[in-house]
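I have placed the structure first, in the form of structure tokens, so that the comments after it can refer back to it.
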Ligand SMILES: [Zn+2]
């Protein structure tokens, strides 16, 4: 018997200026929130947030995020929330803040609201938190029983953030279709624990088509801090289509390569989606896609400002040794390389990592002339 599954947040709300009404959306959830927030976001929205929550008689405890989604941070936020009799959690900020908020919601049994201020990854809609060590090395996926109750995303805030974040979100979303396609071909189980539903595959494909049609336009708009229809479509693709698409469509080589790359200190200042973009190119080489498909993706990444060489994710020297380590790490049993069709081994991944770098270098050479 084959079992399929699809899961998603209970509600997803997106729009420019939606933060002006955030209290209205929060009041049906709870009357007292612990709000986990990125410290650099706090001054930007504090007044608006306080007015809105006061207008809806919502009490809250503000907690500034310490920077890593790790066990010690989850424990710290939980203790504060419980000591202050909070009834729900609201996470505001980037992917790691959101993931921490989701984990706190799970352990404390709180309704969970997440409000990403960047569209830099597909973390907000999913029922998993990516756990890191205190020092930022990928540790494991924490699978949660439920997706967030509510996701609220203000596209004007997204447009005000540095455009590199939107580019990284596009990199993360770019992997969704290729990884879902690989899982579908191999019959691998998805992050939902079952086989992919047709709906998830269609969302993943729609995510890819949206990126190709709107990605370049959206980047130009966000570089100028404005919200255009293309930005709205890309934020939805990066956050919702990719979120539901990856979770119920499955992960494969691109994210396994990302996870492998995180063991190198060189890559730590690069964003999740930037490393995933390199993982996408590596996966396409493992799949031996056509020249046209490879060229389409290299050209897209180049236009968006996503890395296509190892140097662009901080790896400049001792490449062979480092890529051997990355390949071994990417093929760990706990990771998603095993979801690829065929029996991919570390040697195969090593070869693809090296070839991807050369394809990227050749592409850059051709386009610098
Ligand atoms: Zn991702």
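A few points about this structure:
- Calculated diffusion of the chain, Stokes-Einstein form, Kirkwood radius summed over Cα pairs, 37 °C and 0.692 mPa s, µm²/s: 160 µm²/s
- Once C-alpha pairs closer than 8 Å and six or more residues apart are averaged by separation and normalised to the residue number of the range 4-159, the relative contact order reads 30 percent.
- Residue-averaged [θ]222 nm for the chain, counting only DSSP H segments that reach four residues, each worth -39500 (n - 2.57): -16500 deg cm²/dmol
- Its relative contact order, with pairs defined as Cα atoms under 8 Å and 6+ residues apart, puts the range 163-367 at 27 percent.
- Principal-axis tilt of helix 291-304 within the chain, Cα atoms, nearest 10 degrees: 40 degrees
- Relative contact order, whole percent, for the chain stands at 16, derived from Cα pairs under 8 Å and 6 or more residues apart.
- For the chain, the longest principal axis of the Cα atoms and the long axis of helix 71-83 meet at an angle of about 10 degrees.
- Comparing Cα centroids, the range 198-236 and the range 111-175 end up 16 angstrom apart.
- Average 1/r across all pairs of distinct alpha carbons in the range 4-159, invert it, and you get the Kirkwood radius: 15.3 Å.
- Cα centroids of the range 294-311 and the range 1-34: 33 Å apart.
- Between helix 319-330 and the chain: long-axis angle, C-alpha atoms, 0 to 90°, nearest 10: 60 degrees
- For the range 167-248: Kirkwood Rh in Å [reciprocal of mean 1/r, alpha carbons]: 12.7 Å
- Semi-axis lengths, largest first, of the ellipsoid equivalent to the range 163-367 are 24, 22, 14 Å, with √(5λ) applied to each eigenvalue of the Cα gyration tensor.
- Peptides 66-78, 266-278, 42-54, 118-130, ordered by how many other C-beta atoms sit within 10 Å of their residues on average, highest first, read 118-130, 266-278, 66-78, 42-54.
Read the figures in this text as sums done on the coordinates, not as results from a lab. Bear in mind that the values here come from a model prediction, so they are computed numbers and not experimental data. Cβ atoms come from the backbone with ideal geometry, glycine included; neighbour counts cover every protein chain shown.
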